[in-house]
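The values are calculated or read from the model by the stated rules, or taken from the named source; none is laboratory data. Bear in mind the structure is a predicted one, so any value in this text is a computation, not a measurement. Using ideal geometry, Cβ is built from the backbone for each residue, glycine included, and neighbour counts are taken over all protein chains shown. SASA here: full protein model, heavy atoms, side chains in, ligands and nucleic acids out. Shrake-Rupley method; radii C 1.70, N 1.55, O 1.52, S 1.80 Å.
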Amino acid sequence: MTQGISRRGWSELPDLFKRMTGDEKHEWAATSTLPTLWTLYDRVLDVSPERVDDPDRDRFLLSKGHGPMAYYAVLAAKGFLDPSTLDNWTDFGSPLGQHPDRVLVPGVEISAGSLGHGLALGVGQVLGLRAQGRTKPRVFVLVGDGEFDEGSNHEAIALAGRLGLDRLTVVAIDNGSASHGWPGGMASRFAVEGWDTVTVDGRDQEALYHAFTEEHPGRPRAVVAMIREEGAE
């Protein structure tokens, strides 16, 4: 399906994003994830359109599935989707809905949108790969600070920390939208359960890259990507 689709660079990503027009209520939720998604797909994830079924591929799970515009744009830039597919997103018959569907969209690992499930699914995937004796694949899960209020996330954090799932990395986009906030910062919730944690500027692609690639043996890693309005203190 993706044969012959050319790869595109970061400078072309905004134009791909702009091709998705219409009554979209989660544009800010999407734009806050663009640097993270690009860094992962451009420099970190061991996956490609030709290897979407390779059992030793890295997995990326978009738990924050209610803002998929950036995800679709990155998938199109990297050759998973024909860019023309973006032009009629959410239209009747389009594979690109306001929540990504793993059956319809090449490269999508989970159907998302019901908030709070992605991290638990990521823990399950790491355990499944471990049971198969596959030690190469890594699992990355992107969560939003708003969905982080869901209790299922905290159960998954506790279990992953206890089991030392070092093939698991969570990137938490913190744009200040959580209802209650997190005393000591969002990373503290992971650290108390034994995770390796780091907090970075969510627009700094070099900082994101290093956070995603640093070793964390015997511990899962949480990368908190701070996003604030441009020009905000």
Quick one: which helices (runs of 4 or more DSSP H) lie wholly within the stretch 8-100 and hold at least 2 residues that are of a type in the set (Ser, Thr, Tyr) and open to solvent by less than 10 Å² (accessible area, probe 1.4 Å)?
34-39, 69-77
Could you please tell me which pairs satisfy a Cβ distance under 7 Å, a separation of 6+ or placement on different chains, a first residue in the stretch 181-203 that is within 15 Å of Ala225 (Cα to Cα) and part of a loop (DSSP other than H, G, I, E, B), and a second residue that is open to solvent by 30 Å² or more (accessible area, probe 1.4 Å) and of a type in the set (Lys, Arg)?
Trp182/Arg189
Among residues of the stretch 150-174 being under 24 Å from Leu34 (Cα atoms) and open to solvent by 30 Å² or more (accessible area, probe 1.4 Å), the residue farthest from the chain's Cα centre (by Cα) is Glu150
Please go through the stretch 101-134 and pick out each residue that is in a helix (DSSP H, G or I) and either touching a residue at least 40 places away in the same chain (Cβ under 8 Å) or in contact with a helix residue (DSSP H, G or I) (Cβ under 7 Å, 6 or more places away or on another chain) (or both).
Gly118, Leu119, Ala120, Leu121, Gly122, Val123, Gln125, Val126
